Structures are given as structure tokens and as C-alpha cells.
Amino acid sequence: MKKEVIIIGNGIAGITLAVLLQRKNIPFVILHREEEKQSFALGETLPPTAMLLLHELQLLSVFEENAYRKTYGYHSMWGSSKVTDINFFHQNPYKNGLKINKQQTLAQLQAAVKEHTVSYQKGFEIIHSAHGNTVILAKNDGIKIVQGKILVDATGRNRAVLKKLKVESTIHDELVAVSCHIPKIKHPKLTHEVYVESFKEGWGIVSALNETENICSLFTDVGNEILPKLKDASQWKSTLAETTYLKDFLTEDTTTKVKGGNANSSVATQIAGINWLALGDAAMSFDPLSSHGITNAIYTSAKALEAIEKKLNVADVKAFPEYAETLQSVFKQYLQSKDLVYQQETRWKDEVFWKRFFITGS
Ligand SMILES: Cc1cc2nc3c(=O)[nH]c(=O)nc-3n(C[C@H](O)[C@H](O)[C@H](O)COP(=O)(O)OP(=O)(O)OC[C@H]3O[C@@H](n4cnc5c(N)ncnc54)[C@H](O)[C@@H]3O)c2cc1C
């Protein structure tokens with residue numbers, strides 16, 4: 001099989017790029033690794049600023065139709081024991097964000113590019129040269145060879161293509177997340193259904209997923225003494241007994257499953273090469289505090305499309321380096337603003353989790 005573009009990874013970043021390439025009639029293939037594990041719904045929140053980007057890319061209706069609901073603001077207890085109400089009413093032009101149903105949104109987008117999708121089960125190898133890329137897929141019924149001028153890493157935090165190309169990552173912290181679905185509770189003191197609260201060893205977010213469930217994610221660092229207790233949801237309520245409202249949402253049910261994973265800030269040391277590029281979390285991954293992971297996946301897909309068009313249509317050799325430069329500058333700005341947000345929480349500035357944000361020159 002020969003195509004102009006080979007995309008590996010079909011999360012939001014890979015699928016968005018596939019949909020955009022399809023609209024431009026650029027031949028592509030998206031390689032889909034069949035997973036045995038059921039995916040876990042994180043119920044990501046999109047801020048109002050993402051609505052404009054989705055609108056411009058004519059993707060807003062797909063995200064809206066499949067969303068759990070619109071969000072009109074959130075509450076946070078960060079930096080003091082006072083609850084802040086962030087209302088989107090003053091945002092323009094969109095006065096709402098979205099609580100997305102990623103699995104359902106992906107299923108609709110994946111169906112749109114189904115005929116360009118190749119599934120495999122057992123991994124892939126890459127033969128990469130300045131003249132093109134060959135990907136060898138290991139399937140249950142043998143191997144399949146796919147060739148393409150441009151190779152795209154959309155494998156999220158795994159950075160599976162980058163690893164094979166021997167591109168390393170710069171890791172900025174060791175943040176990890178533990179998440180679980182818990183019965184929905186409408187808190188009597190909160191009106192919005194998204195709530196963030198910081199605590200001595202990290203921070204947590206709880207939000208309504210649907211009519212019956214909330215999703216709660218807690219964030220701390222690898223090695224923090226609280227982490228072993230957070231791996232067991234039945235210990236969350238006792239472990240976070242000193243929180244103000246967060247504890248009210250938690251369950252002591254011993255059957256609730258906890259899903260853990262990396263949530264740190266990191267960036268690939270090289271985001272694009274002569275005929276390959278990375279997008280979404282594979283290029284740069286954000287702390288979920290920013291609520292910008294999905295926006296980043298969509299934004300980088302749109303930027304990647306521009307770079308790919310320039311490369312294929314007018315052989316523009318600057319297109320990929322410029323793409324990489326743009327993303328690096330976005331990541332630099334993101335890091336600065338993220339640290340400023342963490343620095344607003346001064347109550348525990350001497351604690352292991354928080355003190356790194358107060359080291360001069362960090
Ligand atoms: C706890 C938590 C909460 C979050 N909350 C928010 C939020 O509120 N708002 C927000 O915007 N973002 C949030 N995010 C971030 C957001 O989920 C990600 O930034 C976003 O999903 C990244 O999309 P992606 O397509 O780049 O990567 P992914 O979604 O990771 O997709 C990667 C795809 O590649 C596939 N893949 C992986 N490895 C391989 C391989 N070796 N071979 C082939 N395929 C492979 C995967 O199966 C997957 O389909 C949160 C993240 C976490 C951890």
C-alpha cells in the first residue's frame with residue numbers, strides 16, 4: 001500500500017488529521033492498533049476557547065452532538081479556602097465549554113475515515129529514510145507493508161513512532177493521575193458540575209460524567225507518600241478527609257476501579273524531521289490542570305495539515321521546521337502559565353508536591 005501520509009495512532013489528534021486530510025483529498029492511511037483493554041472515559045472538559053477552533057475546522061457539531069453536556073463554568077478552591085466561581089458567561093464568542101464523550105466522538109470520526117483505516121494487532125516496525133517511510137505491521141494473519149512520504153506520530157504519550165526514530169523527550173515533572181467513576185452527587189454548595197480543589201499532596205477534580213456518574217481524578221507526583229493510598233479508591237475518602245468539599249464526593253466502595261496514568265508535562269526534543277512529524281500528546285503533553293490536551297490535539301492537527309500541504313504541494317522545505325518551531329513556542333508559553341497557576345497556591349509551599357513551584361529560577 002502506498003500513500004502520501006501514514007498516521008499511527010487514532011486518538012483525537014490522529015483522527016482529526018485524518019478527517020482534515022480526507023477533506024483535502026490527500027491520500028492517507030491511519031493505522032489502528034486493536035486494543036484488548038476497554039478504554040476508560042476521562043470525560044475531558046473543553047474550555048470555551050476550543051469552541052471557536054472546532055467551529056473554524058467545521059468539527060464543532062460532531063463534538064457537540066456527542067458531548068455529555070455543555071459546561072457554563074466551574075468552581076475551584078485553589079490558593080485559599082474560598083470557593084471561586086469561574087463563569088463562562090463573559091467569554092466570547094462562545095459562552096460555554098463541553099464535557100466531551102471522547103469515545104463516542106472518536107467513533108463517529110473513525111467511521112468517517114473507515115475506508116482509510118488499517119488495523120493491526122502485534123506492533124509495527126519503521127524503515128525510515130530521506131526518500132520515504134515504510135511501516136511493517138504485524139497482523140494476526142501475517143504482515144502488511146505500508147509506504148508513505150510522510151509519517152505522523154499520533155500515539156499520544158506513548159510516542160511510539162518517536163521512540164522508534166530514537167527521538168527523546170524532555171520531561172518537566174513527574175505528575176501522575178488516578179481516576180475513577182463514582183456515583184453522581186450534586187453538592188449542595190456548588191452550582192457548576194466541575195470542581196477543582198488543591199490539597200497538601202496535590203490536587204483533584206470532580207465532574208459530572210452523565211446522569212448517574214461523576215468522574216474524579218486526583219493528581220500527585222510519582223514517589224509522593226500519598227500515592228499508594230490513592231491507588232485504592234476505598235481509601236480516598238479517609239486519605240482526603242482534610243479537604244473541604246472534595247471529600248464529600250468520594251466513595252468508600254471497595255469495588256470501584258482506579259485507573260492510573262502519566263499526567264506530566266513533556267515535549268519531544270524533536271517535533272518534526274525531514275518527512276515525519278508528531279502531533280497531539282506525542283508532540284507535547286500538558287498537565288490536565290490546563291484543560292488544554294484535547295485543544296492541543298486539534299490545534300496541532302490543523303497546523304500539521306498546513307505543513308503537510310506545503311510540503312506535498314510546493315515542496316516547501318521550511319514547512320516542517322516551522323511547524324516544530326510553532327509548537328515549541330506554544331509549549332514554552334504553556335509552561336510559564338502553568339507554573340503561575342501552581343504558584344497561586346501558597347498554603348503548602350514547603351510541602352514536597354508544591355515546593356518545586358517556589359524554587360527561584362525554576
Ligand atoms: C486524568 C486526565 C484528565 C484529563 N483531562 C483533560 C481535560 O479535562 N481536558 C482536556 O482537553 N484534556 C484532558 N486530558 C488530556 C487529554 O486526554 C489528552 O491530551 C488527549 O486525549 C490527547 O490526544 P492524542 O490523540 O494526542 O493522544 P491519545 O488520546 O493518547 O491517543 C493516542 C492514540 O494512539 C494509540 N496508540 C498508543 N500507542 C500506540 C502504539 N504503540 N501503536 C499504535 N497506536 C498507539 C492509542 O491507542 C490512542 O488511540 C486529561 C488527561 C488525563 C490523563
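Some values worked out for this structure:
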item: Scan of the stretch 88-107 for residues that are of a type outside the set (D, E, K, R) and within 13 Å of the ligand (Cβ to nearest atom), ordered by number; result: Gly97, Leu98, Ile100, Asn101, Gln103, Thr105, Leu106, Ala107
item: Any hit, the stretch 281-291, residues being touching a Phe, Trp or Tyr at 6+ places or on another chain (Cβ under 6 Å), within 11 Å of the ligand (Cβ to nearest atom) and closer than 14 Å to Asp153 by Cα; result: yes
item: Residue in the stretch 244-258 that is crowded, with 19+ Cβ neighbours inside 10 Å and either among the hydroxyl-bearing types (Ser, Thr, Tyr) or within 19 Å of Ala50 (Cβ to Cβ) (or both) present; result: no
item: Selection count where residues are outside any helix (DSSP H, G or I), surrounded by fewer than 24 Cβ atoms within 10 Å (Cβ to Cβ) and not hydroxyl-bearing (Ser, Thr, Tyr), scope the stretch 150-170; result: 5
item: Single residue of the stretch 151-196 satisfying the filter (of a type in the set (A, V, I, L, M, F, W, C) and in contact with a helix residue (DSSP H, G or I) (Cβ under 6 Å, 6 or more places away or on another chain)) that is farthest from the ligand (Cβ to nearest atom); result: Ile185
item: Single condition Asp248 does not satisfy, out of (1) in contact (Cβ under 8 Å) with a residue 60 or more places away in the chain; (2) not in a helix (DSSP H, G or I); result: (2)
item: Hits in the stretch 108-149 - residues which are assigned to a strand (DSSP E or B), buried (at least 16 other Cβ atoms within 10 Å of the Cβ), within 11 Å of the ligand (Cβ to nearest atom) and not hydrophobic (A, V, I, L, M, F, W, C); result: Tyr120
item: Residue within the stretch 153-164 that is within 25 Å of the chain's Cα centre (by Cα), at pLDDT 90 or above and more than 20 Å from Thr300 (Cα to Cα) present; result: yes
item: One residue from Lys332, Lys310 being at pLDDT 95 or above, touching an Asp or Glu at 6+ places or on another chain (Cβ under 7 Å) and either on the phi < 0 side of the Ramachandran plot or part of a helix (DSSP H, G or I) (or both); result: Lys310
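The values are calculated or read from the model by the stated rules, or taken from the named source; none is laboratory data. All values reported here derive from a predicted model rather than from experimental measurement. When we count neighbours, we look across all protein chains shown, and the Cβ atoms used for this are built from the backbone with ideal geometry, even at glycine.
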